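So the structure is just underneath, and the comments pick up after that.
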Amino acid sequence: MKKRLLYVSHFVFIAGLLILTLAAYFVLQSIRETFYQSRFEQQYEFRSLEEDGEVYPVQVFHGVKVNTFLEEKDGLDRAIILEVKDEPEAKMKGFKVESDAEEMSAFTDAIQYKIMVDKETGKESFIMALRLTPESKQFRTYHVNENGVIKVSNFAEDQKSKMETQWIRGLSGEKYGYYTNLPYQKGSTLSLISLTLIGISCVIGGRGLRRRALEKERGEAA
């Protein structure tokens, strides 16, 4: 019986340490995420493209014309089309488009436009961020600088750079983090506190069980 109690105490103690390690990891990642976001906001800002409360699908940025529209055909295969300089660049299928939505708000799950400004230099960039399919975590971004040069990036959610993390935020209502998404998720602080308390309880409980087992052993020896 005492050996079983010792085994249980070791198991509970080790489980508590693992839980505390996991909680510490997420706390550390959350702190790194907070500093990363703060540094970005110190150097860059996003400017609104809204006019009369809407963002228009047709935009011209330093000579580069972009347009987003719904393919003119019926059925489930109807796709959202992105044109750059009047040439089709991307076709996104499978997204539900709200029939009563207006302008770019109709395509919010699939594509969004952003203007990013470097606060130090004043230089602007036009960003088009796409989620390529509703099911996957595959993204594409088009970065247009003030010279009209376009840089295209294709990446998965777990392969994004620090800048790409900022560009894809808001697609499908998600706020992606670079180190972790925790700081942007509702109830994340409470979850971390709960996880920490469970870990501490397990460590204390494991030590208590071990003490009981050793006391029994001493009692039987006496």
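The values are calculated or read from the model by the stated rules, or taken from the named source; none is laboratory data. What you are looking at is a predicted structure, and each value in this text was computed from that prediction instead of being measured. Ideal geometry is used to build each Cβ from the backbone, glycine not excepted, and the neighbour counts take in all protein chains shown. Protein only, heavy atoms only, side chains kept; ligands, DNA and RNA dropped before computing areas. Shrake-Rupley method; radii C 1.70, N 1.55, O 1.52, S 1.80 Å.
Yes/no matrix, rows are residues, columns are (1) in contact (Cβ under 8 Å) with a residue 60 or more places away in the chain; (2) in contact with a strand residue (DSSP E or B) (Cβ under 6 Å, 6 or more places away or on another chain); (3) closer than 23 Å to L130 by Cβ; (4) of a type in the set (K, R):
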{"site": "Y25", "(1), (2), (3), (4)": "no, no, no, no"}
{"site": "R39", "(1), (2), (3), (4)": "no, no, no, yes"}
{"site": "F46", "(1), (2), (3), (4)": "yes, yes, yes, no"}
{"site": "E51", "(1), (2), (3), (4)": "no, no, yes, no"}
{"site": "Q59", "(1), (2), (3), (4)": "yes, yes, yes, no"}
{"site": "H62", "(1), (2), (3), (4)": "yes, no, yes, no"}
{"site": "T68", "(1), (2), (3), (4)": "no, yes, yes, no"}
{"site": "K73", "(1), (2), (3), (4)": "no, no, yes, yes"}
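Anything in the range 149-200 that is touching a helix residue (DSSP H, G or I) at 6+ places or on another chain (Cβ under 7 Å) and assigned to a loop (DSSP other than H, G, I, E, B)? List them, or say none.
Scanning the range 149-200 gives K175, Y176, G177, Y178, Y179, T180.
Residues in the range 157-166: is at least one within 28 Å of Y184 (Cβ to Cβ) and of a type in the set (A, V, I, L, M)?
Checking the range 157-166: at least one residue is within 28 Å of Y184 (Cβ to Cβ) and of a type in the set (A, V, I, L, M).
Which of the residues spanning the range 24-77 are in contact with a Pro (Cβ under 7 Å, 6 or more places away or on another chain), surrounded by fewer than 16 Cβ atoms within 10 Å (Cβ to Cβ) and assigned to a helix (DSSP H, G or I)?
Passing the criteria: only T34.
Just checking, how many residues over the range 122-163 are open to solvent by 20 Å² or more (accessible area, probe 1.4 Å), hydroxyl-bearing (S, T, Y) and either at pLDDT below 95 or within 22 Å of Y56 (Cα to Cα) (or both)?
The qualifying residues number 2.
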